[in-house]
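**Q** Following this message is one structure expressed as structure tokens.
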Amino acid sequence: MSVSTCPSESSSLLDATDRAIVLATRAGLPLVPDPWGAVGRPLGLGAEEVRARLARMQEVGIVRRVAAVPNHYRLGYVANGMTVWDVDDAQIDRLGREVATLPGVSHCYRRPRHLPDWPYNLFAMLHGHTREEVERQAEALRALLGEACRDHRILYSSRILKKTGLRLAGRPGAGRKPEPRR
């Protein structure tokens, strides 16, 4: 599991305990029955407080999401393709929500076009055991988009990029743990 933060001035909203939680989760959550408790114990916090603090950080935009980050290659998904789509702007919001629910889609988002060289405005990451499997998924996605889709491409991954957890800008005392609560 991973906690992902938004890089912004919002980190100034963190108190020492929040910073300690962020630092404790930057390499991911422990894969144990009670990950929140495992994060909180060394900080003198209970699982519910850790969960509540992360929820607050998410509400104010400091934490973007808490999610599983699988290594697709280790799971056998060696064909990973970012599909890019030129979709009618009037329909992209509705269609993007539908695309995001499809099996095999791990990421789906809208991005600005960069005409004339890059007409694509909808991106969807597809995962398969083979390129043929990814291409079948892309065909299903193309059928869903229908007449709203003018063009698309599949950009296959050529290497694994280092996946990192959240990071905070260094500040004096940033790495110190807060005093345990009594």
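**Q** Work out how much length E135 to D34 would gain on full extension: take 0.36 nm times their residue separation and subtract the Cα-Cα distance, in nm to one decimal.
**A** That works out to 32.5 nm of additional length.
**Q** Accessible area per residue, 1.4 Å probe, Å², for the range 1-154: what's the number?
**A** Value returned for the range 1-154: 55 Å² of accessible area per residue.
The values are calculated or read from the model by the stated rules, or taken from the named source; none is laboratory data. Note that this is a predicted model, so its numbers are computed, not measured. These accessible areas exclude ligands, DNA and RNA; they are computed on the full protein's heavy atoms, side chains included. Shrake-Rupley method; radii C 1.70, N 1.55, O 1.52, S 1.80 Å.
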